[in-house]
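Here the structure is laid out as structure tokens; the discussion comes afterwards.
Coordinate-derived values only; no laboratory data. Everything quoted here is computed from the prediction, not taken from an experiment. Please note: Cβ atoms are built from the backbone with ideal geometry, for glycine as well, and neighbour counts cover all protein chains shown.
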Amino acid sequence: MEHRITCPLCEAMCGLRVTVDAGTVTTVRSNPDDVWSRGHLCPKGASLQHIHHDPDRLRLPLVRNRAGEHVQVSWDDAFAETERVLRPVLDRHGVRAVSVYIGNPVAHNLGLETYVGALVGMAAAAGMPAYYTPGTVDQWPLNVVSALLFGGMWNAPIPDLDRTDHLMMLGANPSASQGSMLSAPDIMGRLAAIRERGGTVVVVDPRRTQTARRASEWIPVRPGTDALLLFAILRTLDETGGIRRPAHLVGMLDGLDDVLALAAPFSPERVAPATGISADTIRRLAADLAAARRPVLYSRIGACTQEFGTLATWLVFVVNAALGSIDSPGGALFPKAPVWSPMFMKPPDQDGPGWRFGRFHSRVRGAPEVLGQFPVSCLAEEIDTPGDGQIRGLITVAGNPALSAPGAGRLDTALHGLDAMISVDNWLNETSRHADVVLPGLSPLERPHCDDLYWMYSIASCVKWSDPAVPPPGDRPEEWQIMLRLAGALLGTPVPDVDIAAMDDLYTQGIVYTACQAADTPLFGRDPAEVFAALKGVGPERMIDLGIRVGPWGDDLGRRPGGLTLAEVRGHPDGLRLGDLEGGRLAEVLSTPSGRIELMHPLFAADVPRLLARVDRPDDGLVLTSRRHLRSNNSWLHNVAGLMRGRDRCTLLIHPADADREGVGDGEQVDISTSEGTITVVAEVTDEMMPGVVSLPHGWGHGADGTRMEVANAHPGVNLNLLNPAALVDVPSNTQVVNGVPCRIRSRRAPLPVSAR
Ligand SMILES: Nc1nc2c(c(=O)[nH]1)N[C@H]1C(S)=C(S)[C@@H](COP(=O)(O)OP(=O)(O)OC[C@H]3O[C@@H](n4cnc5c(=O)[nH]c(N)nc54)[C@H](O)[C@@H]3O)O[C@H]1N2
Ligand SMILES: Nc1nc2c(c(=O)[nH]1)N[C@H]1C(S)=C(S)[C@@H](COP(=O)(O)OP(=O)(O)OC[C@H]3O[C@@H](n4cnc5c(=O)[nH]c(N)nc54)[C@H](O)[C@@H]3O)O[C@H]1N2
Ligand code: SF4
Ligand SMILES: [Mo]
């Protein structure tokens, strides 16, 4: 039997054909008829059957016994144990002493994506001070910039890949990632097409990645200095008459002249030494952008998780605005998402016009919140520092912070010391091994799937619904139900007694009620009771039906007969293609207080002195950066044997000149140290790195005691986040710096320096 589904592993959302024979998944292939991806797939998607059949994937809950070992138990016993460990923490210290960590797969998992909000929302209402996500080792600068410039945290224009004639890409490697905060099937094919039609692709990256190799030009940049480069480009555009003020932006764009004034100190000559890019090259990059008919800039994680992540990410949009590219075909366009999500509304705690920052502070470090988040590295200190408000109970949901959070060594110890830890996770890994109870979800092939958020970043508007390819075992709760059960527990009901149906109604009613009050939602002004009564079904399906129906192509809950509903979408297993990227949408998409793009904000201006200090900082020697690989998915696909074939991928990439200077040979073990720690790793000497910069992949460091991942543990690699200091953050956004971290290396062959003997 063949099923057509959407791959839930990354933002590319490829359509797949999955063949199931008597309960066994026999093949996973691309679906050439999928209206969106038209036959694209990558090795990860092709491995879904192996994820499904992985013997280490948990099918039953685990609890830790007295000997400290995890043993399988029934769901009833697991819920009873959850109550037994969690309740004393709640009774003694209240919800104040509990926190939640929400990991990356949540965004790709329908049940979790729609219902994790029940857990954190209800817990926050009951007094949980903060929750944690890898957003602050990822795209938080983009959220800050989107909120301030365009009005919504998840509302930003993306490059119109199919029409641009000049793309400048900073800190992104789609040859590995397949695109991020930018959904485009076969993104590498689309980049090639830009060149085939006579256009230019420029890649700014300290590493000559596969993406850079296939580009027209690779510009190596000293990590953390993209903001300097972009300010210098902006200043050059201004000096050379390269600023465009097209009619469609007149009266829709505030603050450009203020930003141009801020750019004044950053001449190409001044920033050249720090960036490692010559003044001539910077001028030429600016001239090429000015000469292009449809230029556009795009940046991603390398420009976010660095010392000046907010300024760099902001300046990408500023330069796009200065080139007249925003909302212009071939430039940066606002996608139209077919499925409305409650995530799209301004968080209700951000009342009043605009956005406020620093409304509360973390207990230990005193970090100001940014869009509700502290740096993820605060989690460790909030757990291990005694005092009022200490975190004593933690729920992790599809996250592996023991590997993914900077300062990972301290966090690993802290997790061990918790009074209660519950992991909603499908494997017993570096994080969940610390849990008292592990509650597994279904496999990606056993659950329905539908994306909503990623259509906010996609080069076409499509809607797709996937039914499970493999029938879920009847006796297992779905993850959205687990979210509601845990939420109910935090509100005071014993875990086994939570009334899931009542909680589901309560949560859904809450969302409807909030959305009916919020000016930036399609439900604004409607009667919440009427809206709720018009909804069908339960759980995530009800939520997605609501999202489709109030979305731009929906039936508006009956007011627009013939419009889409979930039932209609379900009838199209290859998906529905509803529209392409279009310009001319500013008035519709902006939700800033002025109704215009607000390029300037004190948060940005206040960070410019920090950047100015960077220009003249002496060279800080060797620095460490992160990378990804096509056959990994953050930390959790290393248990798939088929993806692990070939040579060791967890190597330290180092330029030959640096290797020579340090006396390091290719394939040799080296010690790499930062202010945070030292690890030993194999060096791979290659001129794909620029001199002065080394690179390690993130998501490795398996093999810990008590984990159950046979394949991954046989290829452990090292945990890069043992090296990334907790305290290094991009100030305005709270984003952790994991690119451009000062480090030293030492050959293991070399004799110890006299002082160290
Ligand atoms: N140094 C450095 N650190 C980084 C990064 C970097 O580039 N450099 N990148 C950062 C980024 S961008 C991200 S997004 C984070 C990722 O950080 P995390 O989200 O913390 O980690 P993941 O590796 O995505 O771990 C996913 C977890 O979900 C579990 N899981 C997988 N599928 C399911 C499922 O269907 N249900 C449930 N319940 N669990 C599931 C896996 O077993 C695993 O434990 O790492 C960040 N950390
Ligand atoms: N196969 C695969 N796909 C994935 C993932 C995965 O782990 N594997 N993870 C997913 C996730 S959670 C995310 S967030 C996305 C991320 O998607 P991308 O943003 O495309 O991430 P990377 O592939 O890590 O590419 C980041 C690039 O930034 C460069 N860089 C480092 N420092 C700097 C700097 O200071 N300036 C500049 N200009 N460049 C710098 C690095 O060398 C690297 O080439 O990928 C997603 N897709
Ligand atoms: S690129 Fe690969 S992992 Fe991403 S959606 Fe497509 S098949 Fe899945
Ligand atoms: Mo990410």
**Q.** Computed magnitude of the charge dipole of the range 446-581 (debye, nearest 20; Cβ of K, R +1, Cβ of D, E -1)
**A.** 240 debye
Q. Residue by residue through the range 365-373, which ³J(HN,Hα) values in whole Hz follow from phi under the Karplus form 6.51 cos²θ - 1.76 cosθ + 1.60 (θ = phi - 60°), with glycine and proline marked x?
A. 8, x, 5, x, 5, 10, 6, x, 10
**Q.** Cβ-defined net charge surrounding F317, 12 Å radius [Lys, Arg +1; Asp, Glu -1]
**A.** -2
(Q) Under the rule of at least 5 residues apart or a separate chain, name every residue whose amide H is placed under 5 Å from the amide H of L442. (A) E479
Q) R559 to E582: FRET efficiency via 1/(1 + (r/R0)^6), r the Cβ-Cβ distance, R0 35 Å, to the nearest 0.05? A) 0.90
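How big is the equivalent ellipsoid of the range 356-486 along its three axes, where each semi-axis is √(5λ) from the Cα gyration tensor, reported in whole Å from largest to smallest?
31, 22, 13
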(Q) What distance in nm lies between label points placed 7 Å from Cα along the C-beta direction at S675 and A126? (A) 3.9 nm
Q | Student exercise, the chain dipole from Lys, Arg, Asp, Glu Cβ charges, in Debye to nearest 20 | A | 1140 debye
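So for the chain, averaging the separation of alpha carbon pairs under 8 Å that are six or more residues apart and normalising by length, what relative contact order in percent results?
Over the chain, the number comes to 20 percent.
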Q: Amide H neighbours of T27 under 5 Å, at least 5 residues apart or on other chains, H built in the peptide plane: list them.
A: T19
Q. Under a Cβ-Cβ cut-off of 15 Å, what is the net charge of the residues other than G562 that fall near it, where Lys and Arg count +1 and Asp and Glu count -1?
A. 0
**Q.** Dimensions in Å of the range 508-561 - Rg and Dmax from alpha carbons
**A.** 10.1, 27
Q: Give me the distance between the Cα centres of the range 429-454 and the range 387-420, rounded to whole Å.
A: 18 Å
Q: Give the whole-number value, in cubic angstrom per residue, of the convex hull volume spanned by the C-alpha atoms of the range 2-53.
A: 62 Å³
Q) What are the residues whose amide H is under 5 Å from the amide H of V738, where those residues sit 5 or more places off or on another chain and H is modelled from the backbone? A) Q306
(Q) If packing is taken as the average count of other Cβ atoms within 10 Å, what order do 482-491, 246-255 fall into, highest mean first? (A) 482-491, 246-255
Q. Where the convex hull is taken over the Cα atoms of the range 390-433, what is its projected area averaged over directions, in nm²?
A. 2.9 nm²
Q) Using only the Cα atoms of the range 491-647, what do you get for the radius of gyration and for Dmax, in Å? A) 24.1, 66
Q) Taking K and R as +1 and D and E as -1, what net charge do the other residues with C-beta under 11 Å from the C-beta of A337 add up to? A) -1
Q: Would you please put 21-27, 303-309 in order of how densely packed they are, using the mean number of other Cβ atoms within 10 angstrom per residue and starting with the highest?
A: 303-309, 21-27
Q.
Let me check the size of the range 205-361 from its C-alpha atoms; what are the radius of gyration and Dmax in Å?
A. 17.2, 48
Q: Check cross-link reach from K336 to the lysines: straight Cα distance under 26 Å, and skip same-chain residues fewer than eight apart.
A: K346, K464, K536
Q. Rounded to a whole number of µm²/s, how large is the Stokes-Einstein D of the range 409-513 at 20 °C and 1.002 mPa s, given Rh as the Kirkwood radius over C-alpha pairs?
A. 129 µm²/s
**Q.** log₁₀ of I(q)/I(0) at q = 0.12, 0.22 Å⁻¹ - the range 205-275, Debye sum with one point per alpha carbon
**A.** -0.44, -0.97
Q. Hey, got a sec? Which chymotrypsin sites (Phe, Trp or Tyr not before Pro) in the range 444-537 land in a DSSP loop and have at most 13 other Cβ atoms within 10 Å?
A. F524
Q: Kindly provide log₁₀ I(q)/I(0) values, in the same order as q = 0.19, 0.23 Å⁻¹, from the Debye equation applied to equal alpha-carbon scatterers of the range 17-82.
A: -0.79, -0.95
Q. Can you work out D for the range 619-747 in µm² s⁻¹ from Stokes-Einstein, where Rh is the Kirkwood radius over C-alpha pairs, the temperature is 37 °C and the viscosity is 0.692 mPa s?
A. 215 µm²/s
Q: Would you please report the Å³ per residue occupied by the convex hull of the alpha carbon atoms in the range 62-162?
A: 175 Å³
(Q) Going by Cα centres, the range 518-575 and the range 179-217 are how many Å apart? (A) 37 Å
Q) Cα centroid distance between the range 91-150 and the range 655-687, in Å? A) 37 Å
Q | Normalised convex hull volume, the range 273-374, alpha-carbon set, Å³ per residue | A | 158 Å³
Q: Set the Förster radius R0 to 25 Å, insert the Cβ-Cβ distance between A727 and R356 as r into 1/(1 + (r/R0)^6), and round the FRET efficiency to 0.05.
A: 0.55
Q: Can you give me the P(r) profile for the chain? Cα pairs, bins 20 angstrom wide beginning at 0, each as a whole percent.
A: 17, 53, 29, 2, 0
